[in-house]
Amino acid sequence: MSTIVGISTAPGIGGIGIIRMSGENTFNILDKIFVPKNKQPIEDIKGYTIKYGHIIQNDEIIDEVLVSYFKAPKSYTTENMCEINSHGGNLIIKKILEICLKNGAEMAEPGEFTKRAFLNGRIDLAQAESVIDVINAKSEREVKSGIKQLEGFLSKEIKEIKQDILDVLVNIEVTIDYPEYDTPEVQEKEIKNMLEKIGKKLTKLEKSFDNGKIIKDGIKTAIIGKPNAGKSSLLNAILKEDRAIVTDIAGTTRDTIEEFVTINGITLKLIDTAGIRESKDCVEKIGIQKSIEEAKDADLIIAIFDSSKELDKEDLEILKLIKNKKSIILLNKSDLKNVLDENNEIFKNTSKNILKISALNKTGLEELYNKITEMFNLNEINLDNDVLITNIRHKNIIAKAIENVKLANKAILDSMPIDIIAIYIKQILDDLGEITGEVVTEDIINEIFSKFCLGK
């Protein structure tokens, strides 16, 4: 493979910038551009060593740097590798990158360092995908979930399931080759027990995606209500900043406002919507339609009502919108004289989750957070012991494997020949191989790593 180079730190001005280089000629290129204070032959330099010196071009000092040496196979990519730690100015980092390119390195593609780690066998594909999850994590639980997958917890689970299959598949292959030595009843029982065992494991993994999706993507939460019910005040109270404009004028919010917030370790994607009411204003009507669409697509709807006023036709339409959906009814303005309370039959027939708050005074927020935690069983998500599926690609592959378990069972019930049953069982193995990367096309590999940032 060629020797690649890329900037591994984010664009912008910072204390340091890191230029990463990997490949067979890494140290040859480095020797042309780096003058360490204490010169040593490369064979005398140990891996995991940092050297101080200068990057030079035409005998001119470009920057004062520290260079980390990683010798094959003990590096991120398993190749010879170095990281040049320079000052963090954009011009300096780009200049050092250009010098590396002029001296024989090639520009790395997005995710190419991690791709090489996968192709060279240091990590499997599931672990490689977890790298981007850790980078993009928005909450502590998401970081923890990504780290667990990076450490190989999902891969270990997949490997155990595959071993359960292989233990039986070996006997099936012997039966196909030497049918005279087989007892059909014993063979069928062994296959059924294996299919039942792996079926339960795969189903548990598939179901874990519900919690995994929450950890990775957060809970999409739409805040809906009439104009001036207190939607924007609630958003500001949760965010602890004046993110949305709050006035006494109805219809201030014309478009959706989206913000992320972490509650009890889980990310909420909060969407403040335009007030839902009948309107002749064409711009406001577009905003109202978007509010309705967001509510339909949300994981959770927070419907907010002005508890100081009687329900009207527009309030009833909002209650119809949240019927049979995961929702919380908030009776806002509890600091005023209330005419609505939690015992209202219309509310009780719409949602089991009814709370009183004052968005203005920021009271009742803790009860709201606890209710969300309870509704989504957030305290029951045990990242220390449970393997969670957070990747939709993995979930879809596991669903395929479960379907092949069912087909194998049906083939047994239909008294199909053992070699036909074996086809479905081998397909389960291939399905699971797509998760770890043992059975995967180049197009899928390229698509996965194209989502990575440069220099990773």
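Key figures
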| read-out | value |
| --- | --- |
| Identity of the residue in segment 303-341, within 20 Å of I372 (Cα to Cα) and of a type in the set (K, R), that ends up farthest from the chain's Cα centre (by Cα) | K323 |
| Members of segment 66-75 that are crowded, with 18+ Cβ neighbours inside 10 Å and within 31 Å of the chain's Cα centre (by Cα) | F70, S75 |
| Test result for K395, at pLDDT 90 or above, surrounded by fewer than 18 Cβ atoms within 10 Å (Cβ to Cβ) and part of a helix (DSSP H, G or I) | no |
| Breaking point among (1) modelled with pLDDT of 75 or more; (2) touching a Gly at 6+ places or on another chain (Cβ under 6 Å), for A274 | (1) |
| Failed item, numbered, when L429 is tested on (1) surrounded by 20 or more Cβ atoms within 10 Å (Cβ to Cβ); (2) in a helix (DSSP H, G or I) | (1) |
| Set Q127, Q149: member being closer than 30 Å to E434 by Cα, surrounded by 23 or more Cβ atoms within 10 Å (Cβ to Cβ) and within 26 Å of the chain's Cα centre (by Cα) | Q149 |
| Unmet criterion (only one of (1) at pLDDT below 90; (2) of a type in the set (A, V, I, L, M); (3) within 30 Å of I266 (Cα to Cα); (4) in a helix (DSSP H, G or I)) for I346 | (3) |
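For every residue, the table says whether it meets (1) part of a loop (DSSP other than H, G, I, E, B); (2) surrounded by fewer than 17 Cβ atoms within 10 Å (Cβ to Cβ); (3) among the aromatic types (F, W, Y).
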| residue | (1), (2), (3) |
| --- | --- |
| Q40 | yes, yes, no |
| Y52 | no, yes, yes |
| E64 | no, yes, no |
| H87 | no, yes, no |
| I96 | no, no, no |
| F113 | no, no, yes |
| I123 | yes, no, no |
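The values are calculated or read from the model by the stated rules, or taken from the named source; none is laboratory data. The structure displayed is predicted, hence computed values, not measured ones. Ideal geometry is used to build each Cβ from the backbone, glycine not excepted, and the neighbour counts take in all protein chains shown.
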